Amino acid sequence: MHRWGPTVRFVSTRLQQTPGTPARYGQGGHGPGPGGDADLEPTGSAPSAGRGIGGDRHPGGAGPGVDVGPLADLVAARDDLPAGLHVHVTPWTRGAQSTQGMQRVYRHALREGLISSDVYRVLSGTVGAQGMRDLLGVPAHRLWATAVHQQVLPAGPGAYAMNRLVKQEFGMARADRQRISERLAPMALSAYRSQEDIEQALRAFCDGGTITDRVWKQPWTLTKGSNALEVLDDVLDRALAGETGAVAELTVLGGTAAILDGYIARDHGSKEGTDRNSRTAPFRATPVNLLDVLSKTAGGLRMLHSIARAHVAADPAVWPKQFHPQDREVDGQLVRDGEPVLDKTREQVIIDYEWDLVYAADPVRAMATIAKNSRGPPESEAEDVRQRRLPATGGCGGRWPHVRPLLRAVVGIGGLGRPGGGRPPGRGVPGAALRGAVRDRC
């Protein structure tokens with residue numbers, strides 16, 4: 001069969017379906033066998049003979065003019081064409097699968113009345129920032145385009161119905177926050193696809209993203225307004241006053257900005273360290289857990305607001321600022337939750353690295369983790385010191401206490417370790433080889 005044969009058959013099958021009968025898919029995957037090509041092809045009626053893309057509707061060789069019902073969803077067929085090309089000709093990346101699957105989820109949501117046509121146009125990316133402003137009334141900035149996805153899918157009473165559609169589309173038995181964020185990431189961050197290091201932001205978003213307990217299946221909406229900075233200020237004021245919807249909105253806006261600007265990475269993105277730099281963090285935390293901590297304090301909310309403002313301003317002179325998240329004593333002086341963090345010159349400290357935000361989110365935990373990591377063994381130490389330390393730290397002596405004394409006795413046998421000492425034929429092993437094996441195993 002010609003290399004394009006399966007693709008034409010795949011799309012023609014979709015064209016034959018009626019608008020009221022959506023396609024049924026298996027549990028994803030591609031390639032032959034279970035979960036492969038058969039899962040990607042709809043389980044509707046078999047393709048008719050003599051019918052191709054754009055051809056007349058005359059199944060079974062019937063001539064033109066024989067009416068077989070209305071033409072099916074051309075939009076779905078258009079989206080399935082690249083899927084067929086990817087499956088049968090080129091590799092299909094996970095992000096492409098998620099993007100196409102979420103497009104079908106949004107179409108089904110529109111058909112079932114879960115979202116309006118205006119919201120669907122924004123979600124599908126057919127309008128720009130100003131079009132989004134005209135349709136939904138939110139600020140004309142791409143940060144709010146990402147927030148629309150995060151508000152429609154996991155928030156409010158419609159979240160349960162949207163959750164059902166996601167499970168049906170991707171063949172999930174359970175759609176928790178982790179799985180939702182993985183499928184949502186390519187669509188939610190599509191407005192930033194040309195940004196440098198977008199892959200790092202995608203990995204962080206896939207690790208739970210901004211879907212904290214206050215965002216997940218809770219009633220909240222996006223604040224309308226024309227000026228993005230004024231909207232952020234209004235959201236902060238309401239969040240500090242205890243409005244749960246405003247807290248969720250600020251978590252999404254500030255958390256997304258923090259992920260995009262590199263202040264929040266996935267759990268294994270940065271390593272724990274004892275020195276402030278761009279590749280370490282005082283302690284490890286998933287984006288969801290870190291945002292959950294920030295959203296529960298006045299200082300954390302102010303930092304999220306500051307990060308979002310700096311992101312919207314896009315000015316090198318505007319930096320996000322640090323605020324105290326707890327009432328505690330610092331250098332003999334009592335500080336309150338929400339007060340700015342000041343340096344020795346009484347200037348407010350900025351957030352420059354991921355380290356800064358993680359440390360400022362929970363200083364007590366950060367200092368305890370740094371102290372724990374600082375007690376580790378030195379990088380270079382004498383061999384006799386290392387050998388004495390191994391039994392207590394899980395070396396050969398720690399794992400098998402009875403082995404090390406025996407090995408020492410064998411290595412110390414006269415003649416085995418001395419040059420020219422010799423050994424009886426067929427018995428024992430050379431001392432150098434034995435000592436090397438011991439060092440390699442320990």
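Estimated at 0.36 nm per residue, the fully extended path between residue 348 and residue 224 surpasses their Cα-Cα distance by 41.6 nm. Counting Lys and Arg as +1 and Asp and Glu as -1 over every other residue whose Cβ lies under 15 Å from the Cβ of residue 238, the net charge comes to -3. Going toward the positive end of the dipole of the stretch 188-296, with +1 on Lys and Arg Cβ and -1 on Asp and Glu Cβ, which of 263, 273, 190 do you reach last? So the residue furthest toward the plus end is 273. Summing charges over all other residues whose Cβ lies under 12 Å from the Cβ of residue 319, with Lys and Arg as +1 and Asp and Glu as -1, gives -3.
A full extension of the chain between residue 276 and residue 237 corresponds to an added length of 10.9 nm, given 0.36 nm per residue minus the alpha carbon distance. Amide H to amide H, with H built 1.01 Å from N, residue 272 comes under 5 Å of 281, counting only residues 5 or more places away or on other chains. Among 145-154, 325-334, 305-314, the peptide with the highest mean count of other Cβ atoms within 10 Å heads the list, and the full ranking is 145-154, 305-314, 325-334. Taking Cβ atoms as reference points and 13 Å as the exclusive limit, the residues near residue 114 contribute a net charge of +2, counting Lys and Arg as +1 and Asp and Glu as -1.
In order along the stretch 348-357, the Karplus-derived 3J(HN,Hα) couplings, from 6.51 cos²θ - 1.76 cosθ + 1.60 at θ = phi - 60°, round to 6, 6, 8, 9, 10, 10, 4, 3, 4, 5 Hz, and Gly and Pro are given as x.
Values quoted throughout were computed directly from the atomic coordinates according to the rules given, and no laboratory measurement underlies them. Only a predicted model underlies this, so the values are computations on that prediction, with no experimental measurement involved. All Cβ positions, glycine included, derive from the backbone under ideal geometry; neighbour counts span all protein chains shown.
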